[in-house]
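Notes follow once the structure below has been shown.
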Number of protein chains: 2
Amino acid sequence: MKRVSFIDLGSNSVRFVIIEINENGSYQLIYQQKESIRLSENMWEKNKLTEEAMERAIMTLKAFAHMAEAMESTEIYAVATAAVRLAKNGNDFLKLVKERTGIDLECIDGTEEAYLGFLGVVNTIGLRDFILFDLGGASIEVTLVKDRAVKQSVSLPMGALTLTGKFQEGDEMSEKERKNLISHIQDVLSKEKWLKDKQLPLVGIGGTVRNLAKIDQRAHNYPIEKLHNYELSFERLDAMYEDVCNRTLEQRRKISGLSYERADIIVAGTALIRELMLFVDANTICVSGCGLRDGLFYRYYGKHYMNDSGIVDNILVHSAENVLLNRGQGDLIHAKYITNLATMLYDQWEKVYEWGPRMRELMQVSALLHDIGKTINYYGHARHSAYLIVNSSLYGLSHREQAICAFVAANSHGTNSKFIKASAYGHLLSTEDRAMVAKVSLVLALAEAIDESHEQSAVLVNTEFTDKNINVTVWKKPGGNTSIAEVVINKLIKQCKKDFRKNLVVEWREAL
Amino acid sequence: MKRVSFIDLGSNSVRFVIIEINENGSYQLIYQQKESIRLSENMWEKNKLTEEAMERAIMTLKAFAHMAEAMESTEIYAVATAAVRLAKNGNDFLKLVKERTGIDLECIDGTEEAYLGFLGVVNTIGLRDFILFDLGGASIEVTLVKDRAVKQSVSLPMGALTLTGKFQEGDEMSEKERKNLISHIQDVLSKEKWLKDKQLPLVGIGGTVRNLAKIDQRAHNYPIEKLHNYELSFERLDAMYEDVCNRTLEQRRKISGLSYERADIIVAGTALIRELMLFVDANTICVSGCGLRDGLFYRYYGKHYMNDSGIVDNILVHSAENVLLNRGQGDLIHAKYITNLATMLYDQWEKVYEWGPRMRELMQVSALLHDIGKTINYYGHARHSAYLIVNSSLYGLSHREQAICAFVAANSHGTNSKFIKASAYGHLLSTEDRAMVAKVSLVLALAEAIDESHEQSAVLVNTEFTDKNINVTVWKKPGGNTSIAEVVINKLIKQCKKDFRKNLVVEWREAL
């Protein structure tokens, strides 16, 4: 086991994470801290970091270095972005940091900043083609991604803090100031012709976009609080922009979901995002809670544990296995066996019920993770598995899909529709989703029941559908005992009758 | 790590559990199965187990033995109770079991049966003085417990199955049949003068009482599903008795919460419990989900890991530590340090706010377990800790107290009253409870913040209360860095203002 620290020193805030990597290659966040230190504050007149800002940064970095040591983190990777990059005294600051904190702070260029943000997103959001932006305090990185690779990227020297500083005099932005701001943004964007009207979904990183998502969730009573992978439409963003423009600073501070320190820079930040959406002609923004610091981690992880690119091949399977391995059960073999058995059944049943290929992948995630709730309590473990599935770092799933995975796992032990209704995540499912969950969960339940004894003796299954029956034949290795499986299968007959209106008949045969 | 199996072969059902015991002494249930095999069915005419019943039992035991092997359980402890004890062919059956399943099934007498039930209860229910009953298919064991020790016990040869068989001809019990039943029960009980009018709370084990609790919970929309430690009043039991007597078998089968196989024997079972309550003059029954099989485990655990009695000294602390150790964090040292720090603060603040000694114990449980949610996800870990606290096998807490522990832990990271309201467990708290949870959670939060760096450098704290301030002085070991703690403490100032209407001022001093 080892612990590695990553620091992202931005122009507005600094983020610090410690990741624990286990012997088996699984990893998890064990500590995180974020401070709004506003490194770029008052730097733009002379293009120099101020004494006060540098002191604030150093005090915080010192605390982080101290924390890393206390938590037995053996390595620290720290990068600084736009503020340090653009400051005349950036190099002096880096030296000072080294002297006073011991941290080798590296100032990265715009391309690298964009690439690290890309790495954080491509490993945690399941899109192949998109335009990524990372809106910070003093710059915005925009990256065109095709087939999960960077096509082109640019770092533009405008951010939520700097635009506010340049275009706004008092606490509010006047109409004239706003006009100037917009025309400046349009001016800068117009030079990036490779982005014009691309009509790809936008993926957004950074405090501004996260805050907008939070405001939107609160305003519309979104049933859960998760921001990562939340979708924001242009209409909603446009309405929020209207709203923040029409409020005074005091009034903005009262917006539910908007953090206090961001109330003054939200107008310029939202304006920039809105212009970007218009410029690339995007309908939605997908919010990413993962960004540069995650990219730093994946670069490290790739190098030491995976591949040089740092790009995970199948993020859904990778993250599901990571969750499983992190539970420390070591029961990956059983989980994979059940997954294969359930997939075999799914492919036979899917021909009749047409649940589609995406549902197949979701069912596989449910199958991999169906037993993890046992680490909480054996009693009610299917419900606990569901809780873990919605609350773990699973990537490559929409919120609705994550809920489907959870409820398929929960239902596979007979947890009923009442449970779905009572759960916040249940509100993300349609009536059709719920019906499908009930059916698919029986497939998983049957696979589990067949291997109730954990012996992995079933080698092949076949299903025949008649008017009244679902006849499942299981070929198993010679010997062994099927009575315990039969007890559990008997409990599924009722569920089958209810959800499929057919009799479930399981016949055992000995394989050669 | 080792896995041990326990089997309880009763007259109505057979229960099978596998417990995993880790190197560090922590343990958890990893498998359980229950079958209604009705071993005593049709045995009473000749006082012999029937061929069919024995065959059913042997097939199930064979499957359990097989399962134990597949799950790598190295030892099986199996006991048989009343049916085998009372059957003329009991010994033949034991031999047959050994021959055909390899299991050394031991037939225990009534005293031992009562004692094992007592062990299962005394280690999982936080009462010192009570009357325990274990109502099975063919017998009821009644035990008088004083100061957590058995004073006297008896096994009476009447159970839910046997009473039904003896006193009921058809599917329903006629008024006359019921009269005969009641007078028989009263007759048997009247000989046990040591139980008469004891006015102690009853604790009940067995399927009948669990089922009654479930019916009661469903009927009154109890917000959670947990049965262990659920309280059932005489009034409610009486009403349920009325209800089951007035229904036909078909109608009883429709009672929400009543299991299908128990619908025919519930009348006699409820009558027996009701008469027992009247006889000992008890107002309530506390339902225990733990019983004989747990007693078997604790006897084993005591012998090999604890003490010969198998009685855990402090079940609350023991079970909380067990939950913590099972998470595999190995962070018991940090958890205990925070618990001590929080207790020191609690004792200072309690003098002013008078939360009482029981809240002190609850806060300590919250403190011990405040970080376990990190094993689910660092983000939102306080909420996850709360989930784990309400869903883990914590013993010695009422449902309301378990909810308080959970919410103190959740709140200590700023989770708000909305979260409590949205949670099913929140409905168990009164308005006063919620206000107290908010206040006490600040004590825990402050302890955590003081050791934010995980260095355990604070050696002493003192609190002074003025009209406007809560002044906390922290003496810490020389050196070290308090800046990261200060960042977190600053976030608590607002909470302190809101909940205590005072300013929180923390001053650091160096200890000698």
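The values are calculated or read from the model by the stated rules, or taken from the named source; none is laboratory data. Note that this is a predicted model, so its numbers are computed, not measured. Cβ coordinates were reconstructed from backbone atoms using ideal geometry, including for glycine residues, and neighbour counts include every protein chain displayed. Note: areas computed on protein heavy atoms with side chains; ligands, DNA, RNA excluded. Shrake-Rupley method; radii C 1.70, N 1.55, O 1.52, S 1.80 Å.
Which residues, if any, in the range A:439-467 have at least 10 Å² less accessible area in the whole protein complex than in the isolated chain, probe 1.4 Å? Residues passing the criterion (a loss of at least 10 Å², heavy atoms only) are A:GLU452, A:SER453, A:HIS454, A:GLU455.
Run the Debye formula on the Cα coordinates of the range A:10-86, all scatterers equal and no solvent, and tell me log10 I(q)/I(0) at q = 0.22 1/Å. Per q value, in the given order, log10 I(q)/I(0) is -0.99.
Roughly how many debye, to the nearest 20, is the charge dipole of chain B about its Cα centre, given +1 on each Lys and Arg Cβ, -1 on each Asp and Glu Cβ, and no other charges?
Dipole of chain B, to the nearest 20 debye: 920 debye.
Each other residue within a Cβ distance under 12 Å of B:MET277 adds +1 if Lys or Arg and -1 if Asp or Glu, for a net charge of -2.
So which trypsin sites (Lys or Arg not before Pro) in the range B:201-302 end up in coil per DSSP with only 12 or fewer other C-beta atoms within 10 Å? Display every interim value, and only then the final one.
Details: sites: B:ARG210, B:LYS214, B:ARG218, B:LYS226, B:ARG236, B:ARG247, B:ARG252, B:ARG253, B:LYS254, B:ARG262, B:ARG274, B:ARG293, B:ARG299; in loops: B:LYS226, B:ARG247, B:ARG253, B:LYS254.
Loop-located and lightly packed - B:LYS254.
Inter-chain neighbour count for A:480-492: the average number of beta-carbon atoms from partner chains within 10 Å of each residue's beta-carbon is 3.
Amide H contacts of B:VAL459 (H built 1.01 Å from N, in plane; Pro and chain starts excluded): B:TRP475, B:LYS476, B:LYS477 sit under 5 Å, all sequence-distant by 5 or more or on other chains.
Counts of other chain beta carbons within 10 angstrom of each beta carbon in peptide B:62-73 average 4. Ordered by 1.4 Å accessible area with all protein chains kept, B:MET436, A:MET277 run largest first as B:MET436, A:MET277.
Provide the FRET efficiency to the nearest 0.05 for the A:LYS179-B:GLU23 pair, computing r from the beta carbons and using R0 = 60 Å. Walk me through the numbers before you get to the answer.
On the way: r = 70 Å, r/R0 = 1.16.
Efficiency computed from Cβ-Cβ geometry: 0.30.
Per-residue SASA remark: B:THR284, around 40 Å² accessible (1.4 Å probe; ligands, DNA and RNA not included). A 1.4 Å probe, protein heavy atoms only, puts the accessible area of B:ILE255 near 20 Å². Considering the protein assembly as shown at the alpha-carbon level, its Rg and Dmax are found to be 32.0, 104 Å. For the pair the range B:115-157 / the range A:356-425, the C-alpha centres are spaced 39 Å from each other.
Proximity of backbone amide H atoms, modeled 1.01 Å from N, is registered between A:TYR395 and A:SER319, A:ALA320 at under 5 Å, excluding neighbours fewer than 5 places apart on the same chain.
Which FRET efficiency, nearest 0.05, do A:GLU45 and A:ASP187 yield, Cβ-Cβ r, R0 25 Å? Walk me through the intermediate numbers first.
Working: r = 22 Å, r/R0 = 0.87.
The value I calculate is 0.70.
If you take the square roots of the eigenvalues of the alpha-carbon gyration tensor of the range A:111-290 and sort them as a ≥ b ≥ c, do you get rounded (a/c under 1.5), prolate (a/b over b/c) or oblate? Because a/c hits 1.5 or more and a/b fails to exceed b/c, the range A:111-290 counts as oblate. Solvent-accessible area of the range B:315-510 (1.4 angstrom probe, protein heavy atoms only): carbon and sulfur portion equals 51 percent. Computed from backbone phi, the HN-Hα couplings of the range B:4-20 come to 10, 9, 10, 10, 10, 8, x, 7, 9, 9, 10, 10, 9, 10, 10, 10, 9 Hz, rounded to whole numbers (Karplus: 6.51 cos²θ - 1.76 cosθ + 1.60, θ = phi - 60°; Gly and Pro given as x). Shown for the range B:135-241 is the translational diffusion coefficient from the Stokes-Einstein equation, using the Kirkwood radius over Cα pairs, a temperature of 25 °C and a viscosity of 0.890 mPa s: 156 µm²/s.
For the range A:2-108, what % of the accessible area comes from carbon and sulfur atoms, probe 1.4 Å?
On the way: 1970 of 4480 Å².
Ligands and nucleic acids excluded, carbon and sulfur reach 44 percent.
The longest stretch of chain A left intact once loop-based GluC sites (Glu not before Pro) with at most 15 other Cβ atoms within 10 Å are removed from consideration, loops following DSSP, is A:355-512. Shown in residue order for the range A:294-309 are the 3J(HN,Hα) couplings computed by the Karplus curve 6.51 cos²θ - 1.76 cosθ + 1.60 at θ = phi - 60°: 5, x, 4, 5, 5, 4, 4, 5, x, 4, 9, 10, 9, 8, 5, 6 Hz (x for Gly and Pro).
Database remark: amide H of A:ASN503 closer than 5 angstrom to the amide H of A:ASN469, A:ILE470 (H placed geometrically; neighbours at sequence offset of 5 or more, or on other chains; Pro and chain starts carry no H). Placing B:HIS184, B:HIS370 in order of accessible area, with the largest value first and a 1.4 Å probe, yields B:HIS184, B:HIS370.
Annotation for B:LYS2, label-to-label distances across the other copies: 3.7 nm (shortest first, one decimal, point 7 Å from Cα along Cα→Cβ). Of B:HIS454, B:HIS384, the order by accessible heavy-atom surface (1.4 Å probe, DNA, RNA and ligands excluded), from most exposed downward, is B:HIS454, B:HIS384.
Per the Kirkwood formula on distinct C-alpha pairs, the Rh of the range B:315-510 is how many angstrom? Kirkwood radius, the range B:315-510: 16.7 Å.
In the complete set of protein chains, residue-level accessible area for A:LYS146 is approximately 80 Å², probe 1.4 angstrom. Classify the range A:1-141 as rounded, prolate or oblate, taking a ≥ b ≥ c as the square roots of the eigenvalues of its Cα gyration tensor: rounded when a/c is under 1.5, otherwise prolate if a/b is larger than b/c and oblate if not. Taking the square roots of the gyration eigenvalues as a ≥ b ≥ c, the range A:1-141 is oblate. Protein heavy-atom accessible surface, 1.4 Å probe, per residue over chain B: 41 Å². P(r) tail for the range B:88-150: Cα pairs beyond 19 Å make up 46% of the total. Compare the Cα positions of A:GLY291, A:ALA65, A:SER366 along the charge dipole of chain A (+1 at Cβ of Lys, Arg; -1 at Cβ of Asp, Glu; about the Cα centre) and return the one farthest towards the positive end. Result: A:SER366. Subtracting the Cα-Cα distance of A:GLN251 and A:ASN221 from 0.36 nm times their residue separation leaves 8.7 nm of extension gain.
Between the range A:25-70 and the range A:477-512, what is the separation of their alpha carbon centroids in Å? Cα centroid to Cα centroid, the span is 60 Å. Taken along the Cα-to-beta-carbon direction at a fixed 7 Å, the label points for B:VAL150 and B:GLU261 span 2.7 nm.
The share of accessible area on the range B:111-290 that comes from carbon and sulfur is 45 percent, using a 1.4 angstrom probe. Leaving ligands and nucleic acids aside, the B/A contact buries around 3700 square angstrom of accessible area in total at a 1.4 Å probe radius.
By definition, a body whose alpha carbon gyration tensor gives a ≥ b ≥ c is oblate when a/c is 1.5 or more and a/b is not larger than b/c, and the range A:208-287 fits this oblate description. Expressed as a whole percent, the proportion of Cα-Cα pairs in the range A:251-372 lying more than 19 Å apart is 69%.
Given C-alpha coordinates of chain A, what is the ratio Rg to Rh with the Kirkwood estimate of Rh?
Details: Rg = 26.1 Å, Rh = 25.0 Å.
Result for chain A is an Rg/Rh of 1.04.
In loop segments of the range A:381-473 as defined by DSSP, the trypsin sites (Lys or Arg not before Pro) with at most 15 further C-beta atoms inside 10 Å of their C-beta are A:LYS468.
Label positions at A:LYS336 and A:ARG360, each projected 7 Å from the Cα along the C-beta direction, are separated by 2.0 nm.
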